[in-house]
1. Given the condition surrounded by 13 or more Cβ atoms within 10 Å (Cβ to Cβ), at pLDDT 70 or above and in a helix (DSSP H, G or I), answer yes or no: does some residue in the stretch 242-253 qualify?
2. Go through the stretch 313-366 residue by residue and tally those that are surrounded by 15 or more Cβ atoms within 10 Å (Cβ to Cβ), part of a loop (DSSP other than H, G, I, E, B) and out of contact with any strand residue (DSSP E or B) (no Cβ under 9 Å at 6 or more places or on another chain).
3. Of M37, M122, M89, which residue is in a helix (DSSP H, G or I), modelled with pLDDT of 85 or more and either loosely packed, with under 13 Cβ neighbours inside 10 Å or not small (G, A, S) (or both)?
4. Among the residues of the stretch 186-203, count how many are at pLDDT 85 or above and over 11 Å from F158 (Cβ atoms).
5. Tell me, yes or no, whether the stretch 63-81 has at least one residue that is polar (S, T, N, Q), at pLDDT 60 or above and within 19 Å of L406 (Cα to Cα).
6. Please indicate, with yes or no, whether at least one residue in the stretch 296-313 is farther than 20 Å from R83 by Cα and modelled with pLDDT of 90 or more.
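The values are calculated or read from the model by the stated rules, or taken from the named source; none is laboratory data. Keep in mind that this is a model prediction, so the values were computed, not measured. Positions of Cβ are backbone-derived with ideal geometry, glycine not excepted, and every protein chain shown enters the neighbour counts.
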Amino acid sequence: MVYFLLIAFLISIFSSKTAGIGIPEITSLVIIVFTGMASIIKILSRAKMPKPLVYFWLFGLVGGISLLWALANSVEIIWWARRFAPIMMLVVSATVSYVYGFGELERLWKWWLLIMGIGTVMLVQDIFPLVYTKVLQSVHNLQQLRFYGGGYFSALLFSMSLPYILLSHSYKGSSNSLGFFIVIITFISSSIALVISYTRTYWLATVLTSFITFLVFISRRMISWKRILQLGSIILLITILLMVLSPSLILFATERFEGIFSAASDLSFLDRIEELKGIWTSSMQNPVQILFGHGLGAKFVFYSVNPFSWNQVGWIENDYSHNYYAYTFYATGIVGLLLFLKSWVSFLRICLRRVKWESDPKRVVLLTSILGMSFNLLFTLIAAPPLTSYEWSILFGIVIGTGLSLL
C-alpha cells in the first residue's frame with residue numbers, strides 16, 4: 001500500500017498547476033481514498049491509534065466541517081475541496097504509512113532511502129540545466145536562480161540526509177553501499193540547491209534543523225569531532241565548487257543573507273506582515289467565526305506592498321497566506337489551529353523521547369531524520385505554505401506515519 005502513496009506523490013509533483021482540480025489531482029485523490037479506506041479497516045483491528053494520529057484526524061475533521069462556514073461565506077464547493085484535499089492527504093498518508101510500516105526496521109530503512117532517491121532525482125533535474133547551459137557564469141539577477149534550486153526539496157533533503165552523513169560510520173558496509181551513495185549525492189546536491197534557491201526561509205529553516213540534529217547526536221555522544229570536521233570539509237568543497245562555477249554567486253548569497261537583518265525595509269517581509277494584518281482585520285469583521293473559522297477557501301483582503309509577489313501594489317483578495325498558521329486560524333478557527341499544533345507537538349514529543357533512549361543506530365538515524373524534516377517544515381510554515389500543495393501533504397503524511405511506526 002505504501003507504494004501507492006509514492007505513485008500519488010509523483011503524480012502530484014508532475015501535475016499541472018491549475019486553478020481547479022484536474023485529472024492528475026483527481027487520480028491522486030482516488031489513490032489516497034483507496035489506500036486510506038484499506039488502512040482504516042486494518043487499524044480498527046488494533047487496540048488503539050497513536051495519540052498524534054488521533055489529533056491529526058481531529059484536525060482533518062475540523063477541516064471537513066469547515067465546509068459549512070465556507071458555504072456561508074460564498075465559497076464554491078469545488079474551491080473548498082481543493083483546499084481541503086491537502087489536509088485529507090496529510091492525514092490519510094500518515095495513517096497508511098503507520099499501518100503498513102509498523103515494526104519493520106529494515107523495510108523502513110529501504111523505504112526512506114527510496115524516498116530520498118526520488119527527491120534527489122527531482123532536485124538534480126532542476127539543477128542540471130544550470131551546468132548544461134552555463135547560466136551560472138552569466139547570471140546577473142539571482143531571482144532567476146529560484147527556478148533551478150529545486151524549491152522546497154533543497155531544504156528538506158538536506159535535513160533528511162544530514163543524520164545519515166553524521167552517523168554513516170554506524171551502518172556503512174557492503175550491504176549499504178548503494179544507500180550510502182544515495183545519501184552522499186543527496187547531501188551534495190541539496191547543499192548546492194540551497195544556495196541556488198536564494199530563499200532565506202529555507203536557509204533559516206535548515207540552520208535551525210541542523211542545530212537540532214547536532215544537539216541530538218551530541219547529547220547522545222554519538223558524533224565525534226572527526227565527523228564534524230569531515231562534514232565541514234564537504235561543505236567547504238561545495239563552496240569552492242560554487243565559487244569556481246560563478247565567482248559572484250557566493251557574494252550575492254551573502255548579501256541576500258545579510259538582508260535578514262534589515263527585514264524592516266524588505267518588501268517581501270513587509271508583504272507578509274500586511275497579510276497577517278489582513279487576516280486579523282477580516283477575522284474581526286465576524287468575531288463569532290474566530291472560534292471555528294471562515295471555512296477553507298474563504299478569502300481575506302490585504303494591502304500588498306511587494307510588486308513581485310502579486311504583480312502589483314494595492315489591495316489583494318486571496319484565499320491563502322504565506323503564513324500557514326495564520327491561514328489555518330482564519331479558515332478553521334482557534335479550534336483548528338490548536339488541533340494542528342497539538343498534533344505536531346504530540347508527534348515530536350514522542351519522537352524526541354524515543355530517540356533519547358534508542359540504541360539501534362539505524363533507528364536513531366531514521367528518527368533524527370524525521371525530526372529534522374518536521375522541524376524544517378514547522379519553521380518554513382511561518383513564511384511559506386508547503387502544506388497547501390498535494391505533493392508535500394502526501395510526503396509529510398509519510399514522514400508522520402513512518403515516525404509513528406518506529407515507536
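1. Our first condition is that a residue be surrounded by 13 or more Cβ atoms within 10 Å (Cβ to Cβ); within the stretch 242-253, this holds for 242-243, 245-246, 248-250, 252-253.
The next check asks that each one be at pLDDT 70 or above; those that pass are none.
The answer is no, given that none of the residues of the stretch 242-253 is surrounded by 13 or more Cβ atoms within 10 Å (Cβ to Cβ), at pLDDT 70 or above and in a helix (DSSP H, G or I).
2. Residues that pass the stated criteria total 4.
3. On the way: M37 fails: modelled with pLDDT of 85 or more; M122 fails: modelled with pLDDT of 85 or more.
Testing whether each residue is in a helix (DSSP H, G or I), modelled with pLDDT of 85 or more and either loosely packed, with under 13 Cβ neighbours inside 10 Å or not small (G, A, S) (or both) leaves just M89.
4. 0
5. Going residue by residue through the stretch 63-81, those that are polar (S, T, N, Q) are 66, 73-74.
Right, trim to at pLDDT 60 or above and you get 66, 73-74.
Filter again for within 19 Å of L406 (Cα to Cα), leaving none.
Among the residues of the stretch 63-81, not one is polar (S, T, N, Q), at pLDDT 60 or above and within 19 Å of L406 (Cα to Cα), which makes the answer no.
6. no
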